[in-house]
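S.K.: Shown below is the structure under consideration.
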Amino acid sequence: MSDIADPLDAARAEHLGFLLRAMALERKGLAVLLLQDPPGMAGWWEAQGARVTVAAPSDLRRGPKASGRGHHIVHAVEPFHGDDPPADTLRTLASMARRAVILEVDFAAALPAGARDRSRLFERAGAVLPHLYCPSVQPDHPAFPRSWSADRLGRTVWVATRKPLANPLFFTTLLDRAVSRAGGASGDAATLARALRSLRIANVLDVGANLGQFATRTRADGFDGPIVSFEPLTAALPALRRAAAADGSWQVHGVALGAEDGERTINIAANSWSSSLLEALPETLAAEPMIGAVAQETITVRRLDTIWPEIAPRLAPGPTLLKIDTQGFEDAVLDGAAASLTQVDAVLMECALVPSYAGAPPMEAMIARLRSAGFSPVWLQPGWGDDATGQVFECDMLFARTPRLAA
């Protein structure tokens, strides 16, 4: 890979690699039109085996003839300014790309003083560009703020494709924050992928799968073993099943996991992935209103011990990862996994420094519980918190049956 010294361009390159994997695009032989060449970016594309043409954004005003139409991908960095991009510019971008347009927008520059309506820009671009998406994974750099509130405007990457994407990491609506990062800094998704490879993980149990974000990301990071996803929400299941449909090693169960078999009422959050069987605390809602319940649904809950005989025959030989993302209900999932936990080699879960849901255990209790079951913490990533104060409410932690990872 071409060495890129600038941290911003290195973050761009890491994110581009993730996007190409997530879109299942073979890099070698791609014809790429790079509009505005950040230092090292053309070299990065060439190191992937792509054929690169570099042009200036001003060339767009001369139409497709300026740069040709035979490009698989158009990678456009800041191709326009203002919150009302010219339709001709957008049409030219779309006409030049046979597969996808990767569009980086700098909102701090694109939106004039006083204009804070990102949705207007997304709406206008979506009216011209085919199948416009907002990836929930964004580059790992301060120039790409994770929160997209009015006072944290910065850069965002969007993707437009010729054919629709059945990938839960790409949203057709504008998100209010990035769900996760793509980058190489300590404690990020790349180090988690390395940790899982060090543990030789052969199977993934994806509890609280939502739309399949974790499973899709894990596939994009190179994992090819069996995945078993558990998701109870009626609204989320169709997208999850579509994501898994073409993957013969990915099975989906439309249930929640908990301490007892039966039915429970789940609180459906405004942002879907924060839905919980517990109630969000008032102080949590003050920091993140999207966690608030907008509806309820009766769901089926099963113990992992109950369902284990059904899933075990389809697991591969080798270590199994139990990933739990159940918004404060992690303790109950473990209560229902007393026997099956002995077949698990690593646990990845959210741990609360400050509980966000009523009855959720604090991080210290979860660490002590897993230590008593023979697991040691080996990886940690700060999760969401209060952007105004910088306080972290939750973190993601990986526990393994070994206290030290081997290379």
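The values are calculated or read from the model by the stated rules, or taken from the named source; none is laboratory data. None of these values were measured; they are calculated from a predicted model. Cβ coordinates were reconstructed from backbone atoms using ideal geometry, including for glycine residues, and neighbour counts include every protein chain displayed. Just the protein is used for accessible areas: all its heavy atoms, side chains included, with ligands, DNA and RNA removed. Shrake-Rupley method; radii C 1.70, N 1.55, O 1.52, S 1.80 Å.
S.K.: Given the options Glu283, Glu260, name the one that is in a loop (DSSP other than H, G, I, E, B) and among the charged types (D, E, K, R).
M.R.: Glu260
S.K.: Could you grab me the full set of residues in region 28-48 that are under 26 Å from the mean Cα position of the chain (by Cα), modelled with pLDDT of 90 or more and of a type outside the set (A, V, I, L, M)?
M.R.: Trp45
S.K.: Mind telling me which of the residues Ile299, Ile311, Ile324 ends up being touching a residue at least 60 places away in the same chain (Cβ under 8 Å), closer than 25 Å to Ala235 by Cα and in contact with a helix residue (DSSP H, G or I) (Cβ under 6 Å, 6 or more places away or on another chain)?
M.R.: Ile324
S.K.: Where residues in region 30-53 are in a loop (DSSP other than H, G, I, E, B) and of a type outside the set (Asp, Glu), which of them is farthest from Val77 (Cα to Cα)?
M.R.: Gly49
S.K.: Looking at (1) modelled with pLDDT under 85; (2) not in a loop (DSSP other than H, G, I, E, B), which is the only condition Arg197 fails?
M.R.: (1)
S.K.: Restricting to region 92-143, and then to whatever is open to solvent by 60 Å² or more (accessible area, probe 1.4 Å), within 22 Å of Gln36 (Cβ to Cβ) and within 24 Å of the chain's Cα centre (by Cα), can you tell me which residue is modelled with the lowest pLDDT?
M.R.: The selected residue is Ala108.
S.K.: Can you pull out every residue in region 366-401 that is free of Cβ contacts under 8 Å to residues at least 60 places away in the same chain, outside any strand (DSSP E or B), open to solvent by less than 50 Å² (accessible area, probe 1.4 Å) and in contact with a strand residue (DSSP E or B) (Cβ under 9 Å, 6 or more places away or on another chain)?
M.R.: Scanning region 366-401 gives Met366, Ile367, Leu370, Ala373, Phe375, Gly383.
S.K.: Please work out which residue is surrounded by the most Cβ atoms within 10 Å (Cβ to Cβ), limiting yourself to region 314-365 and to residues that are in contact with a strand residue (DSSP E or B) (Cβ under 7 Å, 6 or more places away or on another chain) and assigned to a helix (DSSP H, G or I).
M.R.: The selected residue is Val333.
Results for (1) out of contact with any Asp or Glu (no Cβ under 8 Å at 6 or more places or on another chain); (2) over 24 Å from Ala11 (Cα atoms), shown as yes or no for each residue.
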residue: Arg194; (1), (2): yes, no
residue: Ala202; (1), (2): yes, yes
residue: Ala209; (1), (2): no, yes
residue: Gly222; (1), (2): yes, no
residue: Pro226; (1), (2): yes, yes
residue: Leu237; (1), (2): no, yes
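S.K.: Here's something else I'd like to know. Quick check on this structure: which one of Ala295, Ala215 is among the small types (Gly, Ala, Ser), open to solvent by less than 20 Å² (accessible area, probe 1.4 Å) and either under 28 Å from Thr191 (Cβ atoms) or part of a strand (DSSP E or B) (or both)?
M.R.: Answer to the check: Ala215.
S.K.: Could you pull out the residue among Ala286, Ala269 that is crowded, with 19+ Cβ neighbours inside 10 Å and modelled with pLDDT under 95?
M.R.: Ala269
S.K.: Continuing with the same structure: Would you check if there is a residue in region 298-307 being part of a strand (DSSP E or B), under 14 Å from Ala209 (Cβ atoms) and among the β-branched types (Val, Ile, Thr)?
M.R.: yes
S.K.: Just to be sure before I move on: is Phe223 part of a loop (DSSP other than H, G, I, E, B) and open to solvent by 20 Å² or more (accessible area, probe 1.4 Å) in the structure I sent?
M.R.: Yes: the conditions hold for Phe223.
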